Amino acid sequence: MSRTRTALLAAMALVAGATGTAYAVAPDGVGAAAVPCTVSYQVQNQWDTGFTAAVTVTNLGAAKSSWAVKWSYAGNQRVTSGWNAKVTQSGSNVTAANESYNGTLATGGSASFGFQGTYSGSNAIPATFTLDGVTCNVDDGGPTDPTDPTDPGDRVNNPYSGAKVYVNPEWSAKAAAEPGGNRIANQPTGVWLDRIAAINGVNGGMGLRDHLDAALAQKGSGELVIQLVIYNLPGRDCAALASNGELGPTEIGRYKTEYIDPIAAILSDAKYAPLRIVTTVEIDSLPNLVTNTGSRPTATPECDVMKANGNYVKGVGYALNKLGDVGNVYNYVDAGHHGWIGWDDNFGASADVFHDAATAEGATPSDVHGFITNTANYSALKENNFTINDSVAGKSARESKWVDWNRYVDELGFAQAFRNELVSTGFDTNIGMLIDTSRNGWGGTARPAGPGATTSVDTYVDGGRYDRRIHIGNWCNQSGAGLGERPKAAPESGIDAYVWMKPPGESDGASKAIPNDEGKGFDRMCDPTYTGTPRNGNNLTGALPDAPVSGHWFSAQFQQLMRNAYPPLS
């Protein structure tokens, strides 16, 4: 089954605009008719005789005060129970009607419900869905173009499989200019669109069209992925200062019309239809609404503002909706890392916030192809010398200062588990995960060869962990870090690829205040002399000295990453 949406019907997010039923004109000038509603039907779990399913209906017509979704089974499936809707069945015909608390369905609004059922033989996905008698997932009879490159029905299950990945010539040239850098200068890295001006190119550099044209040239006769980082939310980086953006907390209108809309227009150009375009959507944003708001000791006033005004959720939803309408775009939403949302009180709550964003501003979960973890972070891919199940001197490894009751100790275990959690909230059962391994190798002479001493649980964990940071909350230009696994497609179950979305050698932030015209502030977490905040246990930051503004080339860091690469560079 293609990941394009567990039900291919649901993949027909031919839904264009954010809240209306009007269609944008296809790039070749052929109009597309209006879709009155979409239904995403996702089999979440299936066993020999039963299954559970999640359904999301999005209304693109007039607002409703009540609703009913109907479908018919071709096989012998029988609904046994439901939730968030009154689900009944007569023969092969199923009706799911709203509950008293979720009958309102605005134009562009979505409602989600689930159910459990039984079956024998095959468990085929229903062919047709209706909302109040109107057929969903198909147009209303207007003109369509069956070869329209914006039709998402042709998306592949894993865009990285069988494909080369774009090598950014600007990053490659910087890497090659470093002593020894030619060893990795041919690796693919993400193209960061971190401000409006980046769309057309900054200071004579390459803009989005330039990169797409270069990707077409690199593609040749095979398949090629180009990786774009969508990173310019209003009030960006509310828990830090180093990557503050150009848009103020309330400038959601500019984000939509001056940033996302122009990007979507370029990506929908038929010229670029042969490319597989992977977007990493708004790193370091949505988890902040869980971990850095309210009464938590890690809360900031800036994050409270962004939670209250909803512009993180609205912005991500709008981006997913607009970019998801382009048939060869694969949206991956940033999902933090295990040292951010791996704790019990963050894990499920973050998945819920991601689902909120995926159903905002006209988006549906079918606009999300997957999630990415560890973007621009340093968490080790796999810790082999200890697990949370280990016990030393009568204490669990979870009780160690390093693990601090987290459920996960590395990114691979976290990403695979979080994938399952996301599916349980209503995302496609076939979503894939990306893990950024650009700076999480932790090799070199400091890499432990085995577990630490069993004197205490802390000596055991600290002596054996590959991740040599002072504290897992440290994130800026970390001393001792190394390049990690090279980019690779389908390395593990549930993982679409290891990627270098963060280009090695680009600074996380300045180690002292540096005036700039990019809106980027000075964050003390990039100052190696700073003694920290509650987010890093009030420890030293572990940051390298003499760092430039975020995104600028940091030669000393690049050289360190090569020295400490694991697997080592030859």
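Odds and ends about this structure:
- For the stretch 344-462, the relative contact order works out to 36 percent when only alpha carbon pairs closer than 8 Å and six or more residues apart are counted.
- Cβ-Cβ FRET estimate between Ser493 and Thr531, R0 fixed at 45 Å, reported to 0.05: 0.65
- Length, then width, then depth: along the principal axes, the Cα atoms of the stretch 183-335 run 55, 37, 28 Å.
- Positive-end ranking of Thr257, Ala380, Ser268 along the dipole of the stretch 251-409, with charges on Cβ about the Cα centre, is headed by Ala380.
- Dipole moment magnitude, nearest 20 debye, the chain about Cα centre, only Lys, Arg, Asp, Glu C-beta charged: 820 debye
- Spatial separation of Cα centroids for the stretch 232-309 and the stretch 360-415, in angstrom: 23 Å
- Nonlocal amide H pairs with Tyr330, under 5 Å, H built at 1.01 Å: Ile277, Val278, Thr279
- Peptides ranked, highest mean first, by Cβ atoms within 10 Å: ranges 322-329, 202-209: 322-329, 202-209
- Dipole axis of the stretch 399-471 (+1 Lys, Arg; -1 Asp, Glu on Cβ), positive-most option in Ala415, Thr459, Gly432: Thr459
- Pairs spanning more than 25 Å between alpha-carbon atoms, out of Lys174/Lys219; Lys64/Lys86; Lys219/Lys520; Lys174/Lys512; Lys322/Lys382; Lys174/Lys256: Lys219/Lys520; Lys322/Lys382; Lys174/Lys256.
- Spin-label pair Thr118/Lys512, simplified geometry with 7 Å Cα→Cβ offset, distance in nm: 7.4 nm
- Ranked by the mean number of other Cβ atoms within 10 Å per residue, highest first, peptides 363-370, 211-218 order as 363-370, 211-218.
- What a 1.4 Å probe finds exposed on the stretch 185-320 is 52% carbon and sulfur by accessible area, rounded to a whole percent.
- Each Cα pair under 8 Å and six or more residues apart adds its sequence gap; the mean of these over the residue count of the chain is a relative contact order of 13 percent.
- A dipole drawn for the stretch 412-570 from +1 and -1 charges on Cβ atoms has a positive end, and of Trp442, Gly494, Asn516 the residue lying farthest that way is Trp442.
- The long axis of helix 311-324 is offset from the longest Cα principal axis of the chain by roughly 70 degrees.
- Beta bridges per DSSP with both ends in the chain, % antiparallel, nearest 5: 60 percent
- The solvent-accessible area of Leu193, taken with every protein chain present and a 1.4 Å probe, is close to 0 Å².
- Label point distance in nm, Ala173-Asp48, each placed 7 Å from Cα along Cα→Cβ: 6.3 nm
- Normalised by the number of residues in the stretch 426-570, the average gap of Cα pairs under 8 Å and 6 or more apart makes the relative contact order 31 percent.
- Whole-Å semi-axes of the chain's equivalent ellipsoid (Cα gyration tensor): 39, 28, 22
- Gain in span if fully extended, Ser66 to Asn182, counting 0.36 nm per residue against the direct Cα distance: 35.6 nm
- With the simple model of a label 7 Å out from the Cα in the direction of the Cβ, Arg296 to Asp210 spans 3.9 nm.
- Using a Förster distance of 45 Å, the FRET efficiency for Arg563-Trp83 (Cβ separation, nearest 0.05): 0.25
- Computed with a 1.4 Å probe over protein heavy atoms only, the accessible surface of the chain comes to 36 Å² per residue.
- Mean Cβ count within 10 Å, highest first, over the residues of peptides 400-408, 82-90, 458-466: 458-466, 400-408, 82-90
The values are calculated or read from the model by the stated rules, or taken from the named source; none is laboratory data. Please read these numbers as outputs of a predicted model, since none were measured by experiment. Backbone-built Cβ (ideal geometry, glycine too); neighbour counts: all protein chains shown. Protein only, heavy atoms only, side chains kept; ligands, DNA and RNA dropped before computing areas. Shrake-Rupley method; radii C 1.70, N 1.55, O 1.52, S 1.80 Å.
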